[in-house]
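The values are calculated or read from the model by the stated rules, or taken from the named source; none is laboratory data. Here the structure is a predicted model, which is why all the values come from computation and not from measurement. We place every Cβ from the backbone using ideal geometry, glycine too, and count neighbours over all the protein chains shown. All accessible areas refer to the heavy atoms of the entire protein, side chains included, with ligands and DNA or RNA removed. Shrake-Rupley method; radii C 1.70, N 1.55, O 1.52, S 1.80 Å.
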Amino acid sequence: MSRKVWGTSPPNFITNPNFADIKTLVNSAKLDDEQIIKLAAQLEYHQDHDPANLVERSTQIVDSYTTPKGWKFPRVRFGKTEIMMPIVTTGGMRYQQSWAPDTLPITVTNSQVDQICKDNLLKLVRRAISLGAIHFETARAYGTSEYQLVDVLVFLIESGEVRREDIIIQTKIPPKNTNEEFEKAWAASWRWMKQLKYVDLFAYHGISKVGEIDKCIAHFPITDKLVAEGKIKHVGFSTHGCPDMVKKAIMVDKFEFVNLHCTYFGSYHASMEDVSCGGRGWGNEENCRMARERDMGLFVISPYDKGGKLYKPSRKVCDLVGKEITPMEFNSIYTWEELKVHTFTVGIARSCDFDECVSAARKYDERGIEEMRRAKERLNEAWVNSLGEHWSRSWYKGIVNHHDPKSKGVAIAMILWLHNCMSAWGLWEFAKERYGSFLAEAKKWDDGKSFEYNLDKMNSFNTGLPLPEATGMDFVRNALEGSGKSEEDLKRIMECLLEVGDWCDRRKTMGVEEQIKLGFECGYSLGTWEQFPGDNAGVKSVVFQNLARKFWYCCCCLRSRGVNGGPNKEFREFADQVRGFFK
């Protein structure tokens with residue numbers, strides 16, 4: 001929750017006639033600072049939406065933050081790996097000290113990691129183990145995540161708190177241009193991972209562009225050798241790619257598991273081409289089916305963030321999902337039940353980030369499934385009512401992806417999907433963040449180089465460009481020539497591309513009144529304190545952060561320009577303010 005929500009004014013929920021009962025409930029629950037802030041954010045939404053039932057809503061939220069003693073996430077067979085996998089994975093992309101690669105001279109070393117960051121990670125991992133979320137997923141691309149995680153797990157193993165055979169470790173390395181480069185990257189990872197004796201799950205990371213599958217195939221003799229040596233148990237891949245790319249990787253029939261994007265709200269870069277879900281063009285649902293047929297472990301990436309930024313849901317999504325389950329619970333149950341996914345990962349920055357996962361898993365029963373299906377019907381209806389019958393069923397048909405030279409690198413399909421998500425469900429906060437990755441890629445595009453050259457230079461995790469300024473209808477007509485789209489459809493596509501560029505322009509600030517007018521109003525935010533590596537992973541911020549920490553005695557002035565996450569004084573004061581409302 002932003003400190004700007006109330007300013008000097010108290011929240012509206014304290015005016016509820018039944019607030020005395022709510023105070024009694026909250027004070028008996030012994031919520032921590034993060035939970036009290038998340039509770040208050042949701043109460044403010046419910047006070048405006050359903051004040052007569054605020055006590056009932058408060059009870060639901062408090063119960064979701066109170067895990068029964070000894071409760072653990074259910075475990076399921078992770079495909080042909082035969083690993084018994086918890087249905088929620090502890091993601092390692094949010095808890096680390098820095099985004100900077102641990103091989104750079106400027107990156108903080110083990111001894112330079114702030115003690116508060118170390119303590120937070122220890123608390124987080126202990127809670128993960130207590131909940132049975134014993135699959136820990138990290139990557140070379142996650143900065144200092146690998147070595148910080150290994151340090152904590154080694155400490156817990158040596159202290160007897162957990163056995164090595166009772167945890168599951170996954171790390172990931174992108175395919176490289178040569179086997180020598182790949183072996184060097186593996187050596188950098190194994191430098192830490194060897195303390196844990198072996199890696200349970202190794203994934204080729206970010207298989208998203210043309211040629212990356214071939215690179216993986218070239219590396220297979222290396223990973224086969226590592227498997228034979230017992231350093232790796234199982235090999236899979238992760239992807240942020242388009243559905244045709246994901247399909248090709250699955251059909252290699254070499255991988256034992258796949259990490260991909262697929263939730264109710266879409267499949268991220270793969271949100272196109274699939275007709276298996278009623279013609280919505282959701283992308284990876286067919287690939288999920290193919291993976292299951294091959295008995296692959298099926299792992300969904302980031303359903304709460306890349307699947308709609310549901311920790312900061314739009315008011316429209318909150319209203320449509322309803323009172324009995326939250327947007328995060330809805331997407332969780334949908335992913336487990338409808339997609340038959342074995343596990344999904346949540347980037348855990350704080351131990352309280354498990355709260356919503358636990359609540360979703362506890363509601364994953366007949367009643368919860370029924371609530372999910374009712375919510376799905378309402379969301380489906382809003383989709384069709386907002387977009388129209390024709391567009392809602394056919395928007396994706398004939399759309400080229402950004403790997404096609406006719407697209408000139410523009411992520412037409414994903415931009416249209418973002419427009420649909422904003423129009424039908426108000427997911428502007430989500431779309432703005434996703435569109436920002438295209439804006440960043442546009443700065444790297446060199447018109448003096450070939451299309452293939454530029455595509456190869458794109459970030460494998462966020463490929464695609466926005467629509468360039470001053471682009472006319474001829475671009476859309478040429479890109480979609482032979483698609484079967486009518487002139488009316490082509491004009492609508494152009495209008496959508498332009499509107500997304502306007503709505504998600506970082507150079508402009510959209511006021512609250514305009515957000516409400518467009519249906520983009522935020523329902524609430526579950527944000528508490530900024531994650532340790534910071535929310536800004538830009539090169540400049542990361543460099544300043546590491547210099548400030550590594551050379552603090554001569555670069556103190558840089559701290560104010562770096563990324564300074566963690567539960568700071570401002571957060572504690574805000575938590576005290578919020579707690580005071582319930583006294």
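Selection of the range 483-502 for residues being part of a loop (DSSP other than H, G, I, E, B), in contact (Cβ under 8 Å) with a residue 12 or more places away in the chain and not basic (Lys, Arg) yields Ser483, Gly484. Among the residues that make up the range 172-186, is at least one of them under 30 Å from Ala291 (Cα atoms) and touching a Leu at 6+ places or on another chain (Cβ under 7 Å)? No - not one qualifying residue is present in the range 172-186. Only one entry of Arg362, Arg374, Arg378, Arg350 meets the criterion of being open to solvent by 10 Å² or more (accessible area, probe 1.4 Å) and within 17 Å of the chain's Cα centre (by Cα), and that entry is Arg350. Pick from the range 141-162 the residues that are open to solvent by 20 Å² or more (accessible area, probe 1.4 Å) and modelled with pLDDT of 95 or more: which of them is nearest to Phe73 (Cα to Cα)? Among those that are open to solvent by 20 Å² or more (accessible area, probe 1.4 Å) and modelled with pLDDT of 95 or more, it is Glu161.
Here Arg367 passes the criteria (1) under 21 Å from the mean Cα position of the chain (by Cα); (2) over 28 Å from Asp244 (Cα atoms); (3) surrounded by fewer than 19 Cβ atoms within 10 Å (Cβ to Cβ) except the one numbered (1). When Glu293, Glu285 are checked against the criterion of being open to solvent by 10 Å² or more (accessible area, probe 1.4 Å), within 26 Å of Lys172 (Cα to Cα) and modelled with pLDDT of 95 or more, a single residue qualifies: Glu293. Looking at Phe237, Phe220, just one residue is at negative phi, crowded, with 22+ Cβ neighbours inside 10 Å and touching a strand residue (DSSP E or B) at 6+ places or on another chain (Cβ under 9 Å), and that residue is Phe237. Within this structure, Asp505 fails the test of being farther than 18 Å from Cys421 by Cα and either assigned to a loop (DSSP other than H, G, I, E, B) or at pLDDT below 95 (or both).
If you go through the range 435-477 and pick out every residue that is of a type in the set (Gly, Ala, Ser) and in a loop (DSSP other than H, G, I, E, B), you end up with 6.
Taking the criterion of being surrounded by 13 or more Cβ atoms within 10 Å (Cβ to Cβ), touching a helix residue (DSSP H, G or I) at 6+ places or on another chain (Cβ under 8 Å) and free of Cβ contacts under 8 Å to residues at least 40 places away in the same chain, the residues of the range 441-470 that qualify are Trp445, Asn459. Of the strands (runs of 3 or more DSSP E) lying entirely inside the range 62-120, those containing at least 3 residues that are buried (at least 22 other Cβ atoms within 10 Å of the Cβ), under 24 Å from the mean Cα position of the chain (by Cα) and of a type outside the set (Asp, Glu) span 88-91.
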